[in-house]
Amino acid sequence: MRRLTIVGVGLIGGSFALSLKAAGLVREVVGVGRSQANLDTALELGILDQATTSLAQGVEGSELVLLSTPVGQMGDLFRQLRDLLPPGAVLTDGGSTKSDVAALARAHLGERLADFVPGHPIAGAEFSGASAARADLYRHKQVVLTPLPESSPVAVARVRQLWQACGALVPEMSPAQHDRIFAAVSHLPHLLSFALVEELARRPDGEVFFQYAASGFRDFTRIASSHPEMWRDISLANREALLQELEAYQAQLLRLRQMLLEHDAAGLEAVFATSRQARNAWLDKKKQALQPLPDAASSNRIAGNEVPDGKS
Ligand SMILES: NC(=O)c1ccc[n+]([C@@H]2O[C@H](COP(=O)([O-])OP(=O)(O)OC[C@H]3O[C@@H](n4cnc5c(N)ncnc54)[C@H](O)[C@@H]3O)[C@@H](O)[C@H]2O)c1
Ligand SMILES: O=C(O)C(=O)C[C@]1(C(=O)O)C=C[C@@H](O)C=C1
């Protein structure tokens with residue numbers, strides 16, 4: 001591809017650019033940002049070849065545009081891109097929520113809706129900005145596409161091919177199913193982690209607790225170091241599903257509370273045992289999915305999926 005544009009050059013967009021550059025699939029990457037300092041970092045790190053704060057300049061002559069800003073920015077970007085997206089260009093995004101993004105695209109993109117393919121890389125970290133970007137972030141990770149009925153099959157195939165070239169597996173599902181799943185396995189855990197740390201930080205004697213907090217606390221709260229703006233936008237965008245998951249979790253906490261009140265040792269142990277078994281089974285399955293196939297000639301093939309070698 002001659003020119004790729006990344007709107008929002010942070011962990012997700014920067015890693016996509018680095019990965020496609022490493023695969024030799026893109027000649028020039030243009031970054032559009034709102035902070036010059038972050039764009040300068042991206043230029044220094046070789047993520048970008050050109051940088052601008054103007055969306056109009058940034059998408060000029062581009063063949064593919066990735067929106068990798070917080071999801072709260074996307075409505076405004078779609079509104080502008082309806083007229084700015086070059087003819088023939090494909091538009092995609094990496095936002096963590098999909099029903100809101102699909103609705104915003106439908107509301108603002110007009111005839112260019114067919115060129116839009118919503119996506120979500122299930123890979124990330126608590127770090128943000130261009131300096132957090134890594135060429136291998138998507139290797140052996142999943143990238144969920146939630147194509148719209150209006151999305152052109154050619155655009156979907158193109159986006160799928162590029163994520164596969166980054167080393168990712170690319171399942172598809174509906175935006176609603178996506179949001180239900182990720183409310184439970186991503187959005188709720190972040191809410192809980194932020195909540196615990198903030199509650200301790202607000203205590204007048206909070207310092208004492210932090211002083212003695214160790215690896216259990218560190219593991220549970222790693223994601224509370226994530227970007228507040230990004231998580232504000234995700235929480236509000238997926239509010240309905242998140243509220244449902246929060247209710248289910250509250251019911252579970254009440255159940256545990258009752259067991260504690262009743263000194264119900266067997267009940268507590270049964271919950272912990274089921275949880276441990278489920279988590280270990282999940283980890284084993286993940287490990288197995290990453291085993292190379294017996295006849296795999298290269299590490300680019302992994303069980304159940306073909307991952308191309310980056311040449312198109
Ligand atoms: N961090 C993760 O683990 C993760 C994983 C999967 C998906 N996502 C999603 O990917 C997107 C980006 O996340 P990230 O972790 O790369 O964030 P990030 O903070 O590292 O990068 C986002 C960048 O977008 C820029 N930006 C914000 N508004 C802009 C605008 N209007 N125009 C141009 N640039 C703008 C910010 O200044 C920042 O540099 C979010 O939608 C997030 O929900 C994040
Ligand atoms: O590893 C992390 O720090 C992440 O938060 C990554 C994580 C997740 O919850 O798994 C966060 C948000 C995304 O949309 C996808 C992935």
For this session: Return yes when Gly124 is in contact (Cβ under 8 Å) with a residue 40 or more places away in the chain, within 16 Å of ligand 2 (Cβ to nearest atom) and open to solvent by 10 Å² or more (accessible area, probe 1.4 Å) and no when it is not.
Result: yes
Seminar exercise, completed: Okay, helices (runs of 4 or more DSSP H) sitting entirely in the range 154-266 with 1 or more residues that are open to solvent by 70 Å² or more (accessible area, probe 1.4 Å) and within 16 Å of ligand 1 (Cβ to nearest atom), I get 228-237, 239-261
Seminar exercise, completed: Checked pairs for the range 203-231, first of a type outside the set (Phe, Trp, Tyr), second assigned to a helix (DSSP H, G or I), C-beta under 6 Å and 6 or more apart or across chains, list as Gly206/Leu200; Thr221/Ser193; Thr221/Val197; Ile223/His190; Ile223/Ser193; Ala224/Ser193; Ala224/Phe194; Ala224/Val197
Problem set entry | Selection from the range 267-285 of residues that are within 20 Å of Ala123 (Cβ to Cβ) and open to solvent by 100 Å² or more (accessible area, probe 1.4 Å) | Arg279, Trp282, Lys285
For this session: Could you please find all residues in the range 18-53 being assigned to a loop (DSSP other than H, G, I, E, B) and touching a residue at least 40 places away in the same chain (Cβ under 8 Å)?
Result: Ala23, Gly24, Leu25, Leu45, Ile47, Leu48
For this session: Pull up the range 3-31, narrow it to residues that are open to solvent by 10 Å² or more (accessible area, probe 1.4 Å) and either within 16 Å of Ser128 (Cα to Cα) or of a type in the set (Ser, Thr, Tyr) (or both), then point me to the one that is farthest from ligand 1 (Cβ to nearest atom).
Result: Leu18
Seminar exercise, completed: Counting only residues that are open to solvent by less than 50 Å² (accessible area, probe 1.4 Å) and within 14 Å of ligand 1 (Cβ to nearest atom), the range 36-55 contains a total of 10
Exercise. Just wondering, is there one or more residues in the range 80-93 that are under 30 Å from Ala184 (Cβ atoms), surrounded by 21 or more Cβ atoms within 10 Å (Cβ to Cβ) and either within 16 Å of ligand 2 (Cβ to nearest atom) or at pLDDT below 95 (or both)?
Worked result: yes
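To keep it simple, each residue is scored yes or no on (1) at pLDDT 95 or above; (2) in contact with a Cys (Cβ under 8 Å, 6 or more places away or on another chain); (3) within 30 Å of Val170 (Cα to Cα).
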{"position": "Glu262", "(1), (2), (3)": "yes, no, no"}
{"position": "Arg276", "(1), (2), (3)": "yes, no, yes"}
{"position": "Gln291", "(1), (2), (3)": "no, no, yes"}
{"position": "Pro308", "(1), (2), (3)": "no, no, yes"}
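The values are calculated or read from the model by the stated rules, or taken from the named source; none is laboratory data. What you see is a predicted model; the values in this text were computed from it and never measured. Neighbour counts are summed over all protein chains in view; Cβ atoms, including those assigned to glycine, are modelled from backbone coordinates with ideal geometry. Surface areas here come from the heavy atoms of the whole protein model, side chains and all, with no ligands, DNA or RNA. Shrake-Rupley method; radii C 1.70, N 1.55, O 1.52, S 1.80 Å.
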